[in-house]
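Following: one structure in structure tokens, then a few remarks.
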Amino acid sequence: MDEIIIFDTTLRDGEQSPGCSLNTAEKLEVARALDLLGVDVIEAGFPISSPDDWKAVNEVAKILTRPVICGLARCTKGDVEAAATAIAPAKRKRIHVFLATSEIHRKYKLEMAKPEIVRRAVEFVKLAKTFVDDVQFSPEDAARTEPDFLCEVVEKVIDAGATTVNITDTVGYSVPSLFGEVVAMLFRKVPNIGKATLSVHCHNDLGLAVANSLAAVEAGARQIDCTINGLGERAGNCALEEVVMALKVRNDHFGRTTHIDTTRIVPTSKLVSRLTGMHVQRNKAVVGENAFAHEAGIHQHGVMKEPTTYEIMRPEDVGLTESKLVLGKHSGRHAFKKRVEELGYALNEEQMERAFRYFKDLADRKKEIFDEDLKAIVQDETQEIPETWELVSFHTSSGIGTIPTATVRMKKPDGTLATDAACGDGPVDAIYNTIERVTGIAARLTDYEIRAVTGGKDAQGEVSLALDIGGRTVRGRGVSTDILEGSAKAFVNAVNLYVYEAGKSRDSEGRGR
């Protein structure tokens, strides 16, 4: 069989991650997304664990018709019956029964001997078969189970009616070469192995869940248990997005396909992240913010010429519209110019050079430069208002029990420097009072607004204001990572606009006479 069955356990094992609890409505939202993603089997929960979990599994079973809906059960009568009733409305249903088989679990957790393990496994697989035709059995901690005993358990549960046998690396202890050999051994030594689908369920305690799952596929496994964003107990499970894209990108090696619509991977990842509150690390494979990001100049130049130089998959394959050229302090003129032009701006060489210098200065203060940052830079460069007055430097002092003061140095229209100081109700007011003293232009602030240009603590703040100068309203705008600097720049911008418009008005009157 060339196709790999994708068994998603985000709603069961994924939800068991500390802090990941989902209510019924949220589970339904995730289940619908998994359906659209093309998941073959959805393990919707552990019905016996709580009334809410039973209800969630039952609701998922009612609304989805394409995927198999699965409920988890221990080898107890109550568990199996709860799973059976919860998934009863499903068009396609499965009960997943599990029982630990490793020596350490037999001795310390179950306190059972090998014969009792085999007996209970067979008994409850048979019980599950009275409710559904599709039964999955997992020998918990299979990777640490004695090989001969594992073979015995697998053979007996298949004889009892298990249609899928799920080989688990419950604590993420195995490594790819050894885990692949476990799967290969089962194919060699279990005489009835061809009557069931062999599946794997790998945890990520050593960061090897995906690698172990792929090794199992190479050895003959045809189902992979996984979760969105790799959620799960402790360090999580095999990440669906990673294992699916590995099979797709390296189809030349694995020769296996899935039913997953990979263009829905990123939207599904974001949904699960939002609902669970478990944020995806920036450098996570496939769905992390940096997965298709390039900051180094040499990488950016290569990607612009030929994406495959540094991207082994296309962003659109996983649901992104394009790769993200993260402009930072290591970026070069090529990447900066290209992105400015893509944003629809046409700058002459002088403007581009000034904008690039400001970009580099900003990049030293910010980790990333976003499109809105670039727009702010370019808009400052392309505005037609001459910089009659130029802000050179400023210093403020304020705090509880002190009088806010500001010292401002500006370049005057004749090119000379002027410095003055003033007090105010706060640092911004002190800056504005000082600028009025330096320029000799009295202004009344009638509107003042701050907004973040982008997200993050290092975001640029955009200050927009309106001044009443001699009965004329003029607006100014300033952008900076320092909100006081942005406020000062906005005030100076408005003053320059007033001077510019006043000059144009005088010229017009002169021409009229």
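Computed from the coordinates by the stated procedures, all read-outs in this text should not be read as laboratory data. For clarity, every value in this text was computed on a predicted model and none was experimentally measured. Neighbour counts run over all protein chains shown; Cβ positions are idealised from the backbone, glycine included.
What does the convex hull of the Cα atoms of segment 5-276 come to per residue, in Å³, rounded to a whole number?
Enclosed volume per residue, from the Cα hull, is 112 Å³.
For segment 390-512, restrict the atom set to alpha-carbon positions and state the Rg and Dmax in Å.
15.3, 56
If I take R0 = 35 Å and measure r between the Cβ atoms of E123 and A184 in this structure, what FRET efficiency does the formula 1/(1 + (r/R0)^6) give, to the nearest 0.05?
It comes to 0.75.
Within the set K55/K156; K91/K126; K329/K489; K91/K195; K114/K195, which residue pairs have Cα atoms separated by over 28 Å?
The answer is K55/K156.
For the pair A452 and K195, what calculated FRET efficiency results from E = 1/(1 + (r/R0)^6), where r is the Cβ-Cβ distance and R0 = 51 Å, to the nearest 0.05?
Calculated value: 0.25.
Between segment 18-75 and segment 204-247, how far is it from one alpha carbon centroid to the other, in angstrom?
A separation of 20 Å, based on Cα centres.
In degrees from 0 to 90, rounded to the nearest 10, what is the angle of the helix 24-37 Cα long axis to the longest principal axis of the chain?
90
Mind running the shape call on segment 1-96? Use the C-alpha gyration tensor, a ≥ b ≥ c as the square roots of the eigenvalues: rounded below 1.5 for a/c, prolate if a/b tops b/c, oblate otherwise.
rounded
Using label points projected 7 Å from each Cα along Cα→Cβ, tell me how many nm separate T85 and S397, to one decimal.
Result: 7.6 nm between the two label points.
Just check segment 90-235 against the gyration tensor rule for me: Cα atoms, a ≥ b ≥ c as the square roots of the eigenvalues, rounded for a/c under 1.5, and otherwise prolate or oblate depending on whether a/b exceeds b/c.
rounded
Taking the Cα centre of each part, how many Å lie between segment 426-498 and segment 112-187?
Segment 426-498 and segment 112-187 have Cα centres spaced 70 Å from each other.
Once you order the gyration tensor axes a ≥ b ≥ c over the Cα atoms, which shape class does segment 161-222 get: rounded for a/c under 1.5, otherwise prolate or oblate by comparing a/b with b/c?
Prolate, because a/c is 1.5 or more and a/b exceeds b/c.
Normalised radius of gyration for the chain, please: alpha carbon Rg relative to 2.2 N^0.38 Å, two decimal places.
Against the empirical 2.2 N^0.38 Å value, I get 1.37 for the chain.
Working from Cα positions, state the angle (0 to 90°, nearest 10) between the long axis of helix 114-129 and the longest principal axis of the chain.
80
Past the 19 Å Cα-Cα mark, which pairs from K360/K412; K27/K62; K93/K189?
Where the Cα-Cα span goes over 19 Å, the pairs concerned are K360/K412; K93/K189.
For the charge dipole of the chain, defined by +1 on Lys and Arg C-beta atoms and -1 on Asp and Glu C-beta atoms about the Cα centroid, which residue among G415, L275, V286 has the Cα displaced farthest towards the positive pole?
About the Cα centre, the residue reaching furthest to the positive side is L275.
Within segment 194-227, what residues put their amide N at less than 19 Å from the label point 7 Å along the Cα-to-Cβ vector of I104?
In segment 194-227, the label zone of I104 (backbone N under 19 Å from the point 7 Å along Cα→Cβ) covers 201-209, 212.
Only Cα pairs under 8 Å and at least 6 apart count here; give the relative contact order of segment 69-165 as a rounded whole percent.
Relative contact order comes out at 29 percent.
In nm, to one decimal, how far is the N23 label point from the E218 one, both placed 7 Å along Cα→Cβ?
4.7
If contacts are Cα pairs under 8 angstrom and at least 6 residues apart, what is the relative contact order of the chain in percent?
Computed value for the chain: 9 percent relative contact order.
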